[in-house]
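Trainee: One structure coming up, written as structure tokens, with questions to follow.
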Amino acid sequence: MTKKANTILFIIAATGFNIILTGLIFIVLFLFFFVAVRPFISDSYVVFGLPVIFIIAIFLSFVLYRAALKRFFKNIDIERVFDTSFSFKKKPPEPDESP
């Protein structure tokens, strides 16, 4: 496969992984909320639980996603596998050619 195809497949797979990770974390937090927390709060405060759970799920999935990407990129040579136009390393600035 070409570098560009590898890059596109990686972006699609990483996006899918992030969406699935967010969904799984949301479901786990949702179940935890309704099993462990819900009996101790009144009905008027339950409606605030869902947005808070969603925001926490997004934050936790972001943290886990970043850790997974760091581990993934630690084990492979990015320049050899992926297209350089999508490089994740910082490139040095190009010299200015104007007089």
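The values are calculated or read from the model by the stated rules, or taken from the named source; none is laboratory data. In this text the structure is predicted, and so the values were computed from the model without any measurement. Here Cβ is always computed from backbone atoms with ideal geometry, including for glycine, and neighbour counts include all displayed protein chains.
Trainee: Kindly indicate whether residue 41 is within 29 Å of residue 82 (Cα to Cα) and out of contact with any helix residue (DSSP H, G or I) (no Cβ under 6 Å at 6 or more places or on another chain).
Mentor: Against the criterion (within 29 Å of residue 82 (Cα to Cα) and out of contact with any helix residue (DSSP H, G or I) (no Cβ under 6 Å at 6 or more places or on another chain)), residue 41 does not qualify.
Trainee: Something else now. Pull up the stretch 71-99, narrow it to residues that are surrounded by 10 or more Cβ atoms within 10 Å (Cβ to Cβ) and under 18 Å from residue 17 (Cα atoms), then point me to the one that is modelled with the highest pLDDT.
Mentor: It comes out as 72.
Trainee: How many residues does the stretch 39-49 contain that are part of a helix (DSSP H, G or I) and either within 27 Å of the chain's Cα centre (by Cα) or surrounded by 12 or more Cβ atoms within 10 Å (Cβ to Cβ) (or both)?
Mentor: 2
Every residue, every condition in (1) without any contact (Cβ under 8 Å) to a residue 40 or more places away in the chain; (2) over 30 Å from residue 76 (Cβ atoms); (3) more than 16 Å from the chain's Cα centre (by Cα), yes or no:
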| site | (1), (2), (3) |
| --- | --- |
| 3 | no, no, yes |
| 6 | no, no, yes |
| 12 | yes, no, no |
| 18 | no, no, no |
| 22 | yes, no, no |
| 27 | yes, yes, yes |
| 37 | yes, yes, yes |
| 51 | yes, yes, yes |
| 60 | yes, no, no |
